[in-house]
């Protein structure tokens, strides 16, 4: 089977009406009726799994079974495996007894056959035009066309003839030529044979399709010594998601520690960070309304949101603390904080939305790839701003009441342990 590679350069997005995915779908639909064509777009495909094991035939059967199940997943396109049909070949099987009697080794046969058939550069010739040309030693084409021509090649032995010269024997006298096959490509990983299964995604998010394929891989029963593992973009997405979750957890811990040190309290940071879960509502709503998937860029946007969302709560809590230190009651301090800080909160929120709007629209080449980050930030900022003005004061009130009750209980216990004043019983 002959393979062709065609590079198509698209014009700017503003000069065409169809996206790259639309064009890929149109090409697939146009070439699908043609038999014998295996179509594949791109090199680093979203779905990529490797099957590793020791035996070639077992790998081939397992690959076919796995590929058949993957092909049924909705959204899979351009499914392909690296397990290709073997090429026809001729194997030279040396007769060990006859070869040993004549002093012929396997290395000698290979060293003789290779240059005569494939050619060997032995020197260079300086032509009249001043260019150096390679001088190759090779049999003429009429002597290397048939399989029988290979048996007529002569080998040097360690036996001398009547004339004292080393005897020459044809290859067919010491070896048998057998028709066989050889693999087109041999891939190895971790000292094992490897077969790759690749596929593109059409009409569905790559993450959803990859999750289904991963489930199929985990449910497959493999013989001992064989394993299936994700690679390519699938592996990169799994590692990136794990790293993003770890970064999210560390960010929450560091934010809490910084707030606790700044406010000199372990409870007030809880009220401030209570607005973080509510930003998720806006994130998911924004992704749902815009038809955007939850990917690494939207996760990065949520990590950025943690600093933006806590900023609004910090303004409320800090102003309320100042009012209370000035002698205001808890309710009055919170009401005043909401009224005074409403304007700067709305101003910073509007500035953030305006700054993220071009990114969320996905303008320019490649802009649609980073658009989920802007959409996640805009949705999270809007909902967190609306809910922060309500939720944070309520949680602040409950935490303050709990703290006051805890202080009162501690003072009562301390008073109960003090000794009675002298003369109290007189």
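The values are calculated or read from the model by the stated rules, or taken from the named source; none is laboratory data. Fair warning: this is a prediction, and the values are worked out from it, not measured in the lab. Quick reminder, even Gly has a Cβ in these numbers, built from the backbone with ideal geometry, and neighbours come from all protein chains shown.
Just one residue in the set 77, 71, 67 is exposed (fewer than 14 other Cβ atoms within 10 Å of the Cβ) and in contact with a strand residue (DSSP E or B) (Cβ under 7 Å, 6 or more places away or on another chain); that residue is 71. Residues that are under 30 Å from residue 296 (Cα atoms) and touching a helix residue (DSSP H, G or I) at 6+ places or on another chain (Cβ under 9 Å): does the stretch 174-194 have at least one? For the stretch 174-194, residues under 30 Å from residue 296 (Cα atoms) and touching a helix residue (DSSP H, G or I) at 6+ places or on another chain (Cβ under 9 Å): present.
Is it the case that some residue within the stretch 192-214 is assigned to a helix (DSSP H, G or I), without any contact (Cβ under 8 Å) to a residue 60 or more places away in the chain and within 28 Å of residue 41 (Cβ to Cβ)? Scanning the stretch 192-214 turns up at least one residue that is assigned to a helix (DSSP H, G or I), without any contact (Cβ under 8 Å) to a residue 60 or more places away in the chain and within 28 Å of residue 41 (Cβ to Cβ). Being surrounded by 18 or more Cβ atoms within 10 Å (Cβ to Cβ), farther than 12 Å from residue 380 by Cα and either outside the structural domain of residue 390 (by TED's automatic domain parsing) or touching a residue at least 60 places away in the same chain (Cβ under 8 Å) (or both) is a condition met by at least one residue of the stretch 303-314. Of the residues making up the stretch 151-174, none is modelled with pLDDT under 85, part of a helix (DSSP H, G or I) and loosely packed, with under 10 Cβ neighbours inside 10 Å.
Filter the stretch 80-95 for residues that are under 14 Å from residue 197 (Cα atoms) and surrounded by fewer than 16 Cβ atoms within 10 Å (Cβ to Cβ) and give the result. Passing the criteria: only 84. The single residue among 119, 110 that is loosely packed, with under 12 Cβ neighbours inside 10 Å, without any contact (Cβ under 8 Å) to a residue 40 or more places away in the chain and within 47 Å of the chain's Cα centre (by Cα) turns out to be 110. When residues in the stretch 131-147 are screened for being more than 17 Å from residue 110 (Cα to Cα) and modelled with pLDDT under 85, 6 of them pass. Just one of the listed residues (147, 98) is surrounded by 11 or more Cβ atoms within 10 Å (Cβ to Cβ) and farther than 30 Å from residue 200 by Cβ, namely 98. Listed residues 271, 230; which is closer than 30 Å to residue 320 by Cα and surrounded by 12 or more Cβ atoms within 10 Å (Cβ to Cβ)? Only one candidate qualifies: 271. Counted as qualifying within the stretch 217-328 are the helices (runs of 4 or more DSSP H) with 2 or more residues that are closer than 30 Å to residue 60 by Cα and touching a helix residue (DSSP H, G or I) at 6+ places or on another chain (Cβ under 9 Å), namely 232-263.
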